[in-house]
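Q: One structure coming up, written as structure tokens, with questions to follow.
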Amino acid sequence: MSAHLFQLRDIRFGYDPDHPVLDGVDFALTTGERVALCGANGSGKTTLLHVMVGLLTPSSGSVVAFGRERRCEGDFHEVRAQAGLLFQDSDDQLFCPTVAEDVAFGPLNLGQSRAEARRAADDALAQVGLDGFGHRVTHKLSGGQKRLVALASVLAMRPQVLLLDEPTNGLDRDARARLLGVLASLPQAMVVIAHDDDALAALTRRRVILEAGRLLG
Amino acid sequence: MSSVLPLGITLSPLARLDPRSRVLAAFAFAVGVVWCQSVAALTFACALAAGLAVLARLPPLSTLRRVLAVEGFMLLTLASLPFTMGGEPVFTLLGFAAGGDGLHRAGILLLKSSAVLLATLALLGTLDMPALGHALARLGLPVRFVALFLFTVRYIDVLHREYARLRLAMRARGFRPRASLHCWRSLGHLFGMLLVGSLERSERIDAAMRCRGFDGRFHLLDEHRPGRLDWGFGAVQTASLLLLAVLDVW
Ligand SMILES: Nc1ncnc2c1ncn2[C@@H]1O[C@H](COP(=O)(O)OP(=O)(O)OP(=O)(O)O)[C@@H](O)[C@H]1O
Ligand SMILES: [Mg+2]
């Protein structure tokens, strides 16, 4: 069990009780593993990632993350520092006026000094190929640039696991190729929500499909 | 905080100041001017403000237009003062006597508002919002207040774009504003969507912030130190304000 970063057992969740979105999901993620999470629109992929980091609380089932069962909001603080979630819509994620501040937001929250946070931000921006973007104003970036900045803001926290909600969403072919290159070079374990199968197939080794509230391996 | 400038444009002298100096200067100037009562001192204040505008390289035409817009707004008050304040009649209009006191008072108000407005435009109008927010935080304003201010700046834009997108979507399907029930209902839907959308977005932003370890405390990244330029500017500013006070008393 200790090799498992995440272990979800029999997770049930519904936004309203009559229509369960997740209806008994079992899932495990081991160190260094890359998994593609597929499924039709509205099948609950985003919901599942949000359950994993405690943004949504399942009505039943257990979430074991990094060796401990996580139940309440307090339990998940540590999980969120270790598992970086890239949101489906970058505008939800980027809220600081400038790129540098946004990327440094996580490290500062983790208690790093300003100098350390700045360095972490610079490193993360370099990692996604956006060196020197620090002083740019977030809301004036293009959609693809926002995507990369959002990824940098996740990487800056140096998580062990990346949970990526449609990372190539809205990127052109070049930007997509670059992002896939960046992701391929990262050592972290990943869960990637993917619609464009072939591109992400190269990245991931395992593929699970969410269907009718259950996960098919 | 540096802002992006197209190549070939150099920063104006004011833009090189620490934003804090600019906020403090604007505040001190406004307080000083509001205090002044003599025409001589206020004329001097106007000259100072004009000097600041030149230093900030404000575009003359649009600045003038802005100042005039505000003065125009005050015109009614200004125009009625001479006739209501009493004092020795200076001239009569349509049988009403314009009193000297009121005329004097109107002139002073005009000078005061122009000076404060021009100085504020020069000192703060050229500052981008994030820089202004940070300057306020560094000056000791509660970080929560500043965060609220910065959020507002950031998401007004998102909201505006959401609105523009929805409007575009409506127009693309042949919607034209008319005085019809259908039109009002559609606009109602538009604003309803905007409200629901922002509420849900605020929830997602909160989630995203918690994902990055947010615990209710805000940390600021930038560290500005006032440089020699700032101290020099502060000294000149203090001297000017003293001169203003002397002029006013004298
Ligand atoms: N905030 C919410 N309130 C109510 N129902 C919701 C909410 N978010 C999602 N749902 C519903 O839950 C179901 C799963 O949504 P989810 O966003 O997890 O799907 P998804 O697999 O990520 O879809 P997509 O591929 O379109 O992103 C959908 O049927 C959706 O209508
Ligand atoms: Mg989704």
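The values are calculated or read from the model by the stated rules, or taken from the named source; none is laboratory data. Computed from a predicted structure; not experimentally measured. Please note: Cβ atoms are built from the backbone with ideal geometry, for glycine as well, and neighbour counts cover all protein chains shown.
Q: Those residues that are loosely packed, with under 15 Cβ neighbours inside 10 Å and more than 26 Å from B:A131 (Cβ to Cβ), I need them from the stretch B:195-214; list them, please.
A: Residues satisfying the conditions are B:L195, B:V196, B:L199, B:E200, B:E203.
Q: Let me ask something else. Please verify whether A:R34 is surrounded by fewer than 22 Cβ atoms within 10 Å (Cβ to Cβ), charged (D, E, K, R), touching a Ser or Thr at 6+ places or on another chain (Cβ under 8 Å) and closer than 23 Å to A:L203 by Cβ, treating the condition exactly as stated. Step through it out loud before you land on a result.
A: On the way: surrounded by fewer than 22 Cβ atoms within 10 Å (Cβ to Cβ): yes; charged (D, E, K, R): yes; touching a Ser or Thr at 6+ places or on another chain (Cβ under 8 Å): yes; closer than 23 Å to A:L203 by Cβ: yes.
Criteria met by A:R34.
Q: Related question: Among the listed residues A:L5, A:L56, A:L85, A:L48, identify the single one that is away from ligand 2 (no atom under 16 Å from the Cβ), under 19 Å from the mean Cα position of the chain (by Cα) and in contact (Cβ under 8 Å) with a residue 40 or more places away in the chain.
A: Details: A:L56 fails: away from ligand 2 (no atom under 16 Å from the Cβ); A:L85 fails: away from ligand 2 (no atom under 16 Å from the Cβ); A:L48 fails: away from ligand 2 (no atom under 16 Å from the Cβ).
When all the criteria are applied, what remains is A:L5.
Q: Next question. Look at A:V149 and say whether it is of a type outside the set (D, E), at pLDDT 90 or above and within 16 Å of ligand 1 (Cβ to nearest atom). Break it down stepwise before answering.
A: Numbers: of a type outside the set (D, E): yes; at pLDDT 90 or above: yes; within 16 Å of ligand 1 (Cβ to nearest atom): no.
It is false that A:V149 is of a type outside the set (D, E), at pLDDT 90 or above and within 16 Å of ligand 1 (Cβ to nearest atom).
Q: If we scan the stretch A:177-188, do we find a residue that is within 16 Å of ligand 2 (Cβ to nearest atom) and surrounded by 19 or more Cβ atoms within 10 Å (Cβ to Cβ)?
A: Looking through the stretch A:177-188, none of the residues is within 16 Å of ligand 2 (Cβ to nearest atom) and surrounded by 19 or more Cβ atoms within 10 Å (Cβ to Cβ).
Here's the yes/no breakdown for (1) under 28 Å from A:H139 (Cβ atoms); (2) touching a helix residue (DSSP H, G or I) at 6+ places or on another chain (Cβ under 9 Å):
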site	(1), (2)
A:F27	no, yes
A:M52	no, yes
A:S60	no, no
A:R71	no, no
A:P97	yes, yes
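Q: State the number of residues belonging to the stretch A:95-120 that are at negative phi and more than 8 Å from chain B (Cβ to nearest Cβ). Walk me through how you get there before you give the answer.
A: Here is the first cut: in the stretch A:95-120, the residues at negative phi are A:95-110, A:112-120.
Cutting the leftovers down to more than 8 Å from chain B (Cβ to nearest Cβ) gives us A:99, A:102-103, A:107, A:112-113, A:115-116, A:119-120.
Of the residues in that region, 10 qualify.
Q: Mind listing whichever residues of the stretch A:82-94 are buried (at least 21 other Cβ atoms within 10 Å of the Cβ) and at the interface with chain B (Cβ under 7 Å from one of its Cβ atoms)? If you could, list the steps in order and put the result at the bottom.
A: Step one: filter the stretch A:82-94 for residues buried (at least 21 other Cβ atoms within 10 Å of the Cβ), giving A:83-87, A:90-91, A:93-94.
Hits for the stretch A:82-94 are A:L85, A:F87, A:D91, A:Q93.
Q: Right, here's the next one. Just checking, how many residues over the stretch B:124-142 are in contact (Cβ under 8 Å) with a residue 24 or more places away in the chain and either among the small types (G, A, S) or within 12 Å of chain A (Cβ to nearest Cβ) (or both)?
A: 9
Q: Would you confirm whether or not the stretch A:44-59 contains a residue that is part of a strand (DSSP E or B) and more than 14 Å from chain B (Cβ to nearest Cβ)? Talk me through it step by step, then tell me what you get.
A: Going residue by residue through the stretch A:44-59, those that are part of a strand (DSSP E or B) are none.
Looking for residues that are part of a strand (DSSP E or B) and more than 14 Å from chain B (Cβ to nearest Cβ), one finds none in the stretch A:44-59, hence no.
Condition check ((1) at pLDDT 95 or above; (2) more than 14 Å from ligand 1 (Cβ to nearest atom); (3) more than 30 Å from B:V153 (Cβ to Cβ); (4) not in a helix (DSSP H, G or I)) across all residues:
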position	(1), (2), (3), (4)
A:D23	no, no, yes, yes
A:A36	no, no, yes, yes
A:G61	no, yes, yes, yes
A:E78	no, yes, yes, no
A:G84	no, yes, no, yes
A:Q88	no, no, no, yes
A:D92	no, no, no, no
A:E101	no, yes, no, no
A:P107	no, yes, no, no
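Q: What about B:L199, is it over 30 Å from B:A56 (Cα atoms) and either under 30 Å from the mean Cα position of the chain (by Cα) or away from every other protein chain (no Cβ under 13 Å) (or both)? So that I can check it myself, show each step before the final result.
A: Working: over 30 Å from B:A56 (Cα atoms): yes; either under 30 Å from the mean Cα position of the chain (by Cα) or away from every other protein chain (no Cβ under 13 Å) (or both): yes.
Judged against the criteria, B:L199 is a match.
Q: What is the number of the single condition among (1) more than 11 Å from every other protein chain (Cβ to nearest Cβ); (2) assigned to a loop (DSSP other than H, G, I, E, B); (3) out of contact with any Leu (no Cβ under 7 Å at 6 or more places or on another chain) that A:D123 does not meet?
A: Status for A:D123: all satisfied but (2).
Q: Residue under question is A:T168, and the condition is that it be within 16 Å of ligand 1 (Cβ to nearest atom) and of a type in the set (S, T, Y); does it hold? Give the steps one after another, and end with the answer.
A: Working: within 16 Å of ligand 1 (Cβ to nearest atom): yes; of a type in the set (S, T, Y): yes.
Taking the combined requirement at face value, the residue satisfies it.
Q: Something else now. Suppose we filter the stretch A:107-158 for residues that are more than 29 Å from B:L127 (Cβ to Cβ) and crowded, with 19+ Cβ neighbours inside 10 Å; how many remain?
A: 7
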